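Some notes on the structure that comes next.
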């Protein structure tokens, strides 16, 4: 795969009106563990990224596993940043990511990450967001993504 080839696709999902399905071009990677990931722009310039949790995403307390939340946040950085208009975010790498767990996530409803691009430079994207469900915030996060360079 070359540096300009898309790593992800984002296409309208007819089963979820208003949402795009965010998928890897190369199947069989970590993203498949999360299941279907959807994304849509929000009116305030942010992006909303969604996953549907299941039993495989749970901990021994039947809540959303922290590792699932961390993995979802990492995927949401890229899906959200590109949906917000950041260029070539999908081909980048996470330089740092800080997550604060605020409350347990449940398995019986979608989990959303609301993503905001704070600043984009030629090589970096600064992002923050909130993972939420209907009961309120599950986690907050901030991260820096480095766009891929030429190989």
Every residue from the stretch 79-105 that is within 16 Å of residue 121 (Cβ to Cβ) and modelled with pLDDT under 90: 87, 88, 89, 91, 92
For residue 31: the one exception among (1) surrounded by 18 or more Cβ atoms within 10 Å (Cβ to Cβ); (2) at pLDDT below 95; (3) within 20 Å of residue 121 (Cα to Cα): (3)
Which listed residue, of 36, 113, 76, is modelled with pLDDT under 95 and within 12 Å of the chain's Cα centre (by Cα): 36
Residues that are closer than 13 Å to residue 75 by Cα and loosely packed, with under 14 Cβ neighbours inside 10 Å, drawn from the stretch 91-110: 93
Criterion violated by residue 52 - all others in (1) farther than 16 Å from residue 143 by Cα; (2) touching a residue at least 40 places away in the same chain (Cβ under 8 Å); (3) crowded, with 16+ Cβ neighbours inside 10 Å; (4) within 13 Å of the chain's Cα centre (by Cα) satisfied: (3)
Residues located in the stretch 85-142, provided they are out of contact with any strand residue (DSSP E or B) (no Cβ under 7 Å at 6 or more places or on another chain), over 21 Å from residue 36 (Cα atoms) and not in a strand (DSSP E or B): 85, 87, 88, 121, 122, 135
Residue that is farthest from residue 63 (Cα to Cα) [pool: residues in the stretch 90-108 that are in contact with a helix residue (DSSP H, G or I) (Cβ under 9 Å, 6 or more places away or on another chain) and free of Cβ contacts under 8 Å to residues at least 60 places away in the same chain]: 92
Total residues in the stretch 139-151, condition modelled with pLDDT of 95 or more, in contact with a helix residue (DSSP H, G or I) (Cβ under 8 Å, 6 or more places away or on another chain) and over 11 Å from residue 73 (Cα atoms): 1
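Out of curiosity, is residue 72 over 20 Å from residue 137 (Cβ atoms), assigned to a helix (DSSP H, G or I) and without any contact (Cβ under 8 Å) to a residue 60 or more places away in the chain? Give the steps one after another, and end with the answer.
Details: over 20 Å from residue 137 (Cβ atoms): no; assigned to a helix (DSSP H, G or I): yes; without any contact (Cβ under 8 Å) to a residue 60 or more places away in the chain: yes.
No, not satisfied.
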Of the criteria (1) under 24 Å from residue 9 (Cβ atoms); (2) in contact with a strand residue (DSSP E or B) (Cβ under 9 Å, 6 or more places away or on another chain); (3) exposed (fewer than 15 other Cβ atoms within 10 Å of the Cβ); (4) modelled with pLDDT of 95 or more, which one residue 68 fails: (3)
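The values are calculated or read from the model by the stated rules, or taken from the named source; none is laboratory data. Keep in mind the model is a prediction, meaning the values are calculated, not measured. Here Cβ is always computed from backbone atoms with ideal geometry, including for glycine, and neighbour counts include all displayed protein chains.
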